[in-house]
Amino acid sequence: MFTLKNTLMGVLLILSISLSSWSILIGKKSKSLAPTNSSTEPDAYMEDVVATILNKEGNPSMKIETPKMVHYAENDVTNISQPHITVYRQSPEPWYINSNFAKASDGVEEILFWDNVVIHHAQDIDNPTTTMTTTTLTVFPNQQLAKTAEAITVTQPNATLHAIGMLANMNDGTVKLLSHARGEYVPS
């Protein structure tokens, strides 16, 4: 009788320890799966993105291609890896902007590009083929404007221009170099 009582108490003790441990583990697992409201955590991300944004008339105004986009709800900011952006305008030839990184704010009201920024525009009726390189560039797609305060190199057929700072109207193709502009003209 003494052995049966001890055996029964031992089994009950082991069972209660097992149930307590199981309950603690389930509680910890539930806490780790609970959503966090941290502002440093993304609320959405996309991979292998090809997105075309239409204007009010239903025509393409911009195309975004990227291997990865990560959106943060706080401040409505989207980080874009290796962006390839096409900005459509009134001319048949769009502007192409590439870089290693970009950050879009307020949807796509403002896009900051940095690290190996290349802006390209193919020749059209009014403008020659133009390629620009810089370290940072801010683009306002809805206003069709691009600007930088950094050093920039502008290459066109037979000419290379260097300057500090630039303001471009992507709609009409005008590029204003802000300071320290110097150029090289090589006739063909």
(request) Could you pull out the residue among Leu167, Leu137 that is of a type outside the set (Phe, Trp, Tyr) and either in contact with a His (Cβ under 8 Å, 6 or more places away or on another chain) or buried (at least 17 other Cβ atoms within 10 Å of the Cβ) (or both)? (result) Leu137
(message) Can you report the number of residues in the stretch 53-79 which are of a type in the set (A, V, I, L, M), part of a strand (DSSP E or B) and more than 30 Å from Pro128 (Cβ to Cβ)?
(response) 3
(request) Name every residue in the stretch 151-164 that is surrounded by 14 or more Cβ atoms within 10 Å (Cβ to Cβ) and not β-branched (Val, Ile, Thr), in order of residue number. (result) Ala151, Gln156, Ala159, Leu161, His162, Ala163
(message) Could you tell me how many of the residues in the stretch 80-93 are touching a residue at least 24 places away in the same chain (Cβ under 8 Å) and in a loop (DSSP other than H, G, I, E, B)?
(response) 7
(request) Name the one entry in Asp48, Asp76 that is out of contact with any helix residue (DSSP H, G or I) (no Cβ under 8 Å at 6 or more places or on another chain), surrounded by 12 or more Cβ atoms within 10 Å (Cβ to Cβ) and more than 15 Å from Ile97 (Cβ to Cβ). (result) Asp76
(message) For a quick check of your reading of the model, give me the residue pairs whose first member lies in the stretch 129-142 and is over 9 Å from Asp115 (Cα atoms), whose second is of a type in the set (Lys, Arg), with beta-carbon atoms closer than 6 Å and at least 6 apart or on different chains.
(response) Thr138/Lys147
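Bear in mind these aren't lab numbers, they're just calculated from the coordinates by the rules spelled out. Please read these numbers as outputs of a predicted model, since none were measured by experiment. All Cβ positions, glycine included, derive from the backbone under ideal geometry; neighbour counts span all protein chains shown.
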